[in-house]
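See structure below.
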Amino acid sequence: VPDDLLLGLKFIFGSSAVPALDLVDQRSVTRVMSPSGRTVYQVLGSSGKPYTCYSSCHFCTCPAFGFSVLQKSESLLCKHILAVYLSRAMGACQELTVSEEQLTSILLAEEEDEG
């Protein structure tokens, strides 16, 4: 990524830019697709925990998104969502096709972690 683009990303997205690029470099973003066409993204966070991101509605299951974006309105997005957008733009997403049941399990596992 050229320096001028890095500066622009840092200016717009602040402290999320560099960690998001690190996630892209580490190939931590996986596009999970089902036969019906439903798609979510899983991003392996720096802690090793996978977070589910929904780019269609701009949402991530990580605690930083809930706090900094939803509660405090301090950020536009978390590093995981930014990593999804950057990896899509750079063609750096891993691809994983799963059954409808497997995708449901992924989504339910996130719900159980939150509750």
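Counting only other residues whose beta carbon sits under 13 Å from that of Phe11, what net charge do I get with K and R as +1, D and E as -1?
Numbers: positive: Lys10; negative: Asp3, Asp4.
Spelling it out: positives minus negatives among the neighbours equals -1.
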Using θ = phi - 60° and Karplus 6.51 cos²θ - 1.76 cosθ + 1.60, couplings along region 14-19 (whole Hz; Gly, Pro as x): x, 5, 7, 4, 5, x
Pairwise FRET efficiency - Thr39 versus Phe11, Cβ, R0 = 25 Å, nearest 0.05: 0.25
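Ser46: net charge of surrounding residues, Cβ under 11 Å, Lys/Arg +1, Asp/Glu -1, itself excluded? It would help to have the intermediate numbers written out before the result.
Working: positive: Lys49, Lys79; negative: Asp22.
Computed value for this residue: +1.
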Candidate lysines - alpha carbon under 21 Å from Lys49, same-chain residues fewer than 8 apart omitted: Lys79
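Give me the percent of DSSP beta bridges within the chain that run antiparallel, rounded to the nearest 5. Present the calculation step by step, with values, prior to reporting the outcome.
On the way: 11 of 15 bridges.
Here the antiparallel bridges make up roughly 75 percent for the chain.
Compute the length gained on full extension between Ala92 and Phe67: take 0.36 nm times their separation in residues and subtract their Cα-Cα distance, giving the result in nm to one decimal.
Details: separation 25, 0.36 × 25 = 9.00 nm, distance 2.78 nm.
Contour length minus the Cα-Cα distance gives 6.2 nm.
Report Rg(Cα)/(2.2 N^0.38 Å) for the chain, keeping two decimals. Before the final figure, lay out the partial values.
Details: Rg = 14.1 Å, N = 115, 2.2 N^0.38 = 13.4 Å.
Compared with the compact-globule rule of thumb, the chain sits at 1.06.
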Region 3-108: relative contact order in percent, alpha carbon pairs under 8 Å with at least 6 residues between: 32 percent
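Any read-out appearing in this document is the output of simple, stated calculations on the displayed coordinates, not a laboratory observation. Every value quoted in this text rests on a predicted model; they were computed, and no experiment measured them. FYI the Cβ positions are ideal-geometry reconstructions off the backbone, even for glycines, and counts take in every protein chain you see.
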